[in-house]
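The values are calculated or read from the model by the stated rules, or taken from the named source; none is laboratory data. Remember, it's a predicted structure, so these values are computed and weren't measured experimentally. Every residue, glycine as well, gets a Cβ built from its backbone with ideal geometry; the counts of neighbours run over all protein chains shown. These area figures cover heavy atoms from the full protein model, side chains too; ligands, DNA and RNA do not enter into them. Shrake-Rupley method; radii C 1.70, N 1.55, O 1.52, S 1.80 Å.
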2 protein chains.
Amino acid sequence: MAMRMDPLTVEVVELIGSVVARYHEEYERAAAEHALTGAQARVLGLLSLEPVAMRKIARKLKCEPSNVTGIIDRLEARGLVERRPDPADRRVKLAAPTEEGRRMAAALRDSLDFAREPLAELSSEERTVLRDLLRRMLGQ
Amino acid sequence: MAMRMDPLTVEVVELIGSVVARYHEEYERAAAEHALTGAQARVLGLLSLEPVAMRKIARKLKCEPSNVTGIIDRLEARGLVERRPDPADRRVKLAAPTEEGRRMAAALRDSLDFAREPLAELSSEERTVLRDLLRRMLGQ
DNA sequence: TATTGTTATACTCTATAACTATA
DNA sequence: TATAGTTATAGAGTATAACAATA
């Protein structure tokens, strides 16, 4: 059964919902500015640090490996990503960004101002409080 | 160009990303428990307060009206929603939950414990601080 | 035998454009 | 003529199941 919530908690829950909605809109908008879907943008961001095996991408995205094939196909068709063999295991294919893919990933990062901009208005103490509260919400 | 971020801000931005990811996973999981997609669950939640015109659903979901037709079709096929005429404007169709739809919406709400449960561990003062910080992030 | 990636299939969500009924 | 909802179409993401290559 649902717990009864006091008005303050209800408001915080709704605010978190608003933050989530806003975050997603901004993310999709940033991706669309570069003619990418949200999933393509997420994968490109993932690869920007280091080449990643198809199976690992699926785990990170929490989707089936078969879906990753199509997403990487489309990124590869646009010259943003390439498949490489894994020297250690010939079954594995590593997805790695091309130079253009790396530039695109960097541009995407710069576009995601949502969380950054409002935080600049908070004092260092306030950000520390926010960090601690968010950590506890996530059970960290 | 991207602003340089101090480590604290970087951590808060990442935590917000984690909250967003967690929120979405929980939402999809709760919807799937009732054999609903995320979009279907969102629409059902929207209707649970009062009947809503197709066009207005599209605005709330931030998608094209043509998509709402299909989503309501599938909810209607499952007996969770029905279309009603709007007495004030014969062009308009109002989507309203059936009794079963109302029960499903209530069950869905109860399943969404993510935001509620961790907040219970925060003191009233902490929740107030969190509320004010989230409000400022949202420009409210 | 087990694992990796892929293919094939089907469903849902999405945008666009054209259509109908009504305003 | 403008608006509300629908249909038709195409593209993308998703899960499932079956497959080839490799471990």
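Quick notes on this structure:
- A single member of B:Ala41, B:Ala53, B:Ala30, B:Ala77 is loosely packed, with under 12 Cβ neighbours inside 10 Å and either within 14 Å of chain A (Cβ to nearest Cβ) or not aromatic (Phe, Trp, Tyr) (or both), and it is B:Ala77.
- Matching residues in region B:66-80 - criterion: being touching a strand residue (DSSP E or B) at 6+ places or on another chain (Cβ under 7 Å) and within 11 Å of DNA strand D (Cβ to nearest atom): B:Ile72, B:Glu76
- Annotation: of all residues in region B:109-137 being within 17 Å of the chain's Cα centre (by Cα) and of a type in the set (A, V, I, L, M), the one that is least open to solvent (accessible area, probe 1.4 Å) is B:Ala115.
- Subset of region B:56-67 that is near DNA strand C (Cβ under 8 Å from one of its atoms) and open to solvent by less than 50 Å² (accessible area, probe 1.4 Å) - its residue that is farthest from the other protein chains (Cβ to nearest Cβ): B:Pro65
- Annotation: A:Ala35 fulfils all but one of (1) open to solvent by 40 Å² or more (accessible area, probe 1.4 Å); (2) among the hydrophobic types (A, V, I, L, M, F, W, C); (3) away from DNA strand D (no atom under 11 Å from the Cβ); (4) within 28 Å of B:Met137 (Cα to Cα); the unmet one is (3).
- Counting only helices (runs of 4 or more DSSP H) that fall entirely inside region A:1-99 and contain at least 2 residues that are free of Cβ contacts under 8 Å to residues at least 12 places away in the same chain and hydroxyl-bearing (Ser, Thr, Tyr), the qualifying elements are A:7-33.
- Each residue in region B:10-27 was checked for being surrounded by 17 or more Cβ atoms within 10 Å (Cβ to Cβ) and of a type in the set (Ser, Thr, Tyr), and 2 pass.
- Residue count for region A:112-131, restricted to those that are more than 9 Å from chain B (Cβ to nearest Cβ) and in a helix (DSSP H, G or I): 1.
- Of all residues in region A:82-108, those being surrounded by 12 or more Cβ atoms within 10 Å (Cβ to Cβ) and within 12 Å of DNA strand D (Cβ to nearest atom) number 3.
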